[in-house]
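Input: a single structure, listed below in structure tokens.
The values are calculated or read from the model by the stated rules, or taken from the named source; none is laboratory data. All figures in this text were calculated on a predicted structure; none of them were measured in a lab. Here Cβ is always computed from backbone atoms with ideal geometry, including for glycine, and neighbour counts include all displayed protein chains. Note: areas computed on protein heavy atoms with side chains; ligands, DNA, RNA excluded. Shrake-Rupley method; radii C 1.70, N 1.55, O 1.52, S 1.80 Å.
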Amino acid sequence: CPFPQAIVWDEYLTGPFGLIAQYSLLKEHEVEKMFTLKPGRLPQADVKNVIFFVRPKLELMDIITDNVLREDRGRSPQRDFHILFVPRRSLLCEQWLKEQGVLGSFIHREQYSLDLIPFDGDLLSMESESAFKECYLESDQTSLYHAAKGLMTLQALYGTIPQIFGKGECARHVANMMIRMKREFPGSQNSIFPVFDTLLLLDRNVDLLTPLATQLTYEGLIDEIYGIQNTYVKLPPEKFAPKKQGEGGKDLPTEPKKLQLNSAEELYAEIRDKNFNAVGSVLSKKAKIISAAFEERHHAKTVGEIKQFVSQLPHMQAARSSLANHTSIAELIKDITTSEDFFDNLTVEQEFMSGIDTDKVNNYIEDCIAQKHPLIKILRLVCLQSVCNNGLKQKVLDHYKREILQTYGYEHILTLNNLEKAGLLKPQTSGRNNYPTIRKTLRLWMDDVNEQNPNDISYVYSGYAPLSVRLAQLLARPGWRSIEEVLKMLPGPHFEERQQLPTGLQKKRQHGENRVTLVFFLGGVTYAEIAALRFLSQMEDGGTEYVIATTKLINGTSWIKSLMEKLEPAPF
């Protein structure tokens with residue numbers, strides 16, 4: 001519309017939208033003002049159109065109702081309201097607005113189908129933070145419908161995917177929805193040569209262990225310690241202050257340093273997926289190369305040589321500042337990874353994952369509770385122990401629960417209940433622990449791990465190979481038939497579907513040409529798992545390239561947080 005407009009953003013959407021439309025682009029399209037959705041009157045703005053960009057959530061509808069009802073109808077010119085639901089319109093929300101008497105105030109009610117957002121060349125995410133909780137605790141399959149829709153869009157652009165494999169209840173649902181959508185829209189048969197050979201749908205609850213462990217890749221640790229939001233990280237500024245002579249650091253910056261992290265940055269692309277212990281040597285090598293390159297300027301004698309040097313300068317300066325940033329980040333991380341507490345925590349994690357003492361109350365966990373360490377740290381460890389023991393003996397479980405509630409407060413009883421429902425912290429029902437069988441058959445624990453020049457995916461956790469990625473690796477070869485027994489021990493069905501391709505589109509693979517597999521994690525994926533899949537893509541004799549899609553990029557902390565219930569303490 002050629003009229004000036006203001007956008008009112010549901011705050012959660014600003015991050016994902018920033019990856020596909022910068023503010024400058026919106027400005028070209030007559031967007032004059034941007035506001036964050038909050039209760040009260042809308043700010044003054046000399047615009048004709050006000051567009052609400054929101055997720056279809058009832059609590060947001062209350063805020064919009066408040067905004068609309070407080071609008072001054074006497075003002076001229078009157079402002080027109082429009083509402084855009086992302087990613088789908090919701091009957092429930094519209095009905096709610098109608099009951100509040102404001103539905104009629106919206107001239108346009110539309111949806112913006114933003115399902116999969118590109119985060120990197122090989123990574124797509126729906127950024128739906130509540131997907132895991134909705135699927136496993138609330139039996140709400142909306143996010144699975146969005147995933148199926150996103151996959152249909154992907155097939156419309158990149159061709160029908162001939163083979164679908166899946167493991168887990170949610171995976172089964174998504175595959176069923178895709179098959180149904182294909183039947184219902186016969187027009188969706190496209191004549192595009194397929195880019196993907198295989199789609200692998202994996203439920204997060206098939207592998208509850210991986211996100212609970214501390215990721216040990218460079219990117220994984222940045223996320224564990226500082227949290228990466230929509231490819232951006234905020235870091236403590238003191239390490240990034242420019243060093244000026246003789247000022248004695250009197251004006252240290254106070255704003256956190258915000259950096260974007262993706263493969264467009266050469267150095268980051270090289271180190272992001274390495275084990276953190278292998279990052280230092282790369283950084284020092286790079287430092288030598290860069291200072292040697294800057295030394296070249298003294299040897300430039302002729303005009304041609306000087307011109308040559310000057311033309312390379314911008315690239316060299318970018319490389320130098322990139323190196324400075326990552327050296328600072330690595331120092332910040334090293335301060336933490338060399339701490340005693342980090343080491344103790346990791347030791348306990350690794351004991352659990354390799355099957356040591358998983359069936360009794362752990363001393364370290366008890367000490368941490370007694371010293372009132374952050375609750376999420378405790379929950380991650382206790383859940384990890386439970387998962388590595390296929391549930392805890394009732395006596396051990398009750399002991400942990402009692403200690404946690406007495407130390408952190410009884411309002412956390414709902415959170416413990418959620419963790420149990422999700423299968424993360426539960427009593428051992430079947431009477432036997434089948435984790436050791438799974439661990440041995442899938443080679444989830446490798447004793448001699450090479451962090452510098454890895455030969456196996458277990459380097460991302462310094463010994464533990466992510467179960468989810470092992471399943472992807474074994475599917476590529478020798479195929480899942482070789483692990484039928486273990487697949488039956490893991491939750492949910494496993495299945496295979498084939499989608500007919502129109503004649504002439506079947507792939508004839510050239511010798512040495514890689515297969516391309518899209519791995520879709522339903523319920524979230526960690527950076528360490530992404531690193532492991534990229535490692536498999538780069539293996540000389542691998543023969544498979546992986547592209548990764550997910551409902552959300554997660555780590556143990558953000559994942560457990562999404563399952564925590566906020567119980568307000570009583571007001572008396």
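Quick one: work out Rg over Rh on the C-alpha atoms of the stretch 50-142, Rh as Kirkwood radius.
Details: Rg = 15.9 Å, Rh = 15.0 Å.
That ratio equals 1.06.
Taking 16 Å as the straight-line reach from the Cα of Lys167, the aspartates and glutamates in range (excluding those fewer than 8 positions away in the same chain) are Asp203, Asp207, Glu484, Glu485, Glu496, Glu497. Label-to-label distance, Arg180 versus Ile376, with points set 7 angstrom from Cα along the beta-carbon direction: 3.6 nm. In the stretch 201-334, the convex hull through the Cα atoms has an average projected area of 11.9 nm², a quarter of its surface area. Just the protein heavy atoms count here, and of the accessible area of the stretch 399-519 at 1.4 Å, carbon and sulfur take up 47 percent.
Computed over the chain, the quotient of the alpha carbon radius of gyration and 2.2 N^0.38 Å is 1.07.
Once you list every other residue whose beta carbon is under 10 Å from the beta carbon of Ser468, what net charge do they have if Lys and Arg are +1 and Asp and Glu are -1?
Summing Lys/Arg as +1 and Asp/Glu as -1 gives 0.
List the aspartates and glutamates whose Cα sits under 18 Å from the Cα of Lys38, skipping any in the same chain fewer than 8 residues away. Hits, sequence-local ones excluded: Asp10, Glu11, Glu59, Asp62, Asp66, Glu71, Asp72. For the residue pairs Lys234/Lys561; Lys234/Lys552; Lys149/Lys566; Lys372/Lys552; Lys239/Lys286, the alpha carbons lie more than 21 Å apart in Lys149/Lys566; Lys372/Lys552. For the stretch 124-187, the C-alpha radius of gyration divided by 2.2 N^0.38 Å, with N the number of residues, is 1.15. For the pair the stretch 155-187 / the stretch 84-124, the C-alpha centres are spaced 23 Å from each other.
Excluding same-chain neighbours fewer than eight residues apart, the lysines reachable from Lys33 by a Cα-Cα span under 21 Å are Lys48.
Please arrange Asp80, Asp367 by accessible surface area, largest first, computed with a 1.4 Å probe and ligands excluded.
On the way: Asp80 45, Asp367 80 Å².
The ordering from most to least exposed comes out as Asp367, Asp80.
From helices alone, the chain scores -13000 deg cm²/dmol at 222 nm; the rule is -39500 (n - 2.57) for each run of n ≥ 4 DSSP H residues, then divide by the residue total. For the pair Ala293 and Lys334, a Förster radius of 25 Å applied to the C-beta separation gives a FRET efficiency near 0.45, rounded to the nearest 0.05.
Would you mind calculating the relative contact order of the stretch 389-521 from Cα pairs under 8 angstrom and at least 6 residues apart, reporting the percent as a whole number?
Values: 79 pairs, mean separation 23.8, N = 133.
It rounds to 18 percent for the stretch 389-521.
Across the accessible surface of the stretch 170-239, with the other protein chains kept in place and a 1.4 Å probe, carbon and sulfur atoms take up 56 percent. Per residue, how large is the accessible surface of the chain? Use a 1.4 angstrom probe and give square angstrom. Counting only protein heavy atoms, the per-residue value for the chain is 49 Å².
Starting from the eigenvalues of the Cα gyration tensor, five times each then square-rooted, give me the equivalent ellipsoid semi-axes of the stretch 257-329, largest first, whole Å.
Details: eigenvalues 151, 36, 17 Å².
Values for the stretch 257-329, descending: 28, 14, 9 Å.
Among Arg534, Arg477, Arg109, the sequence by solvent-accessible area, most first, with a 1.4 Å probe is Arg477, Arg109, Arg534.
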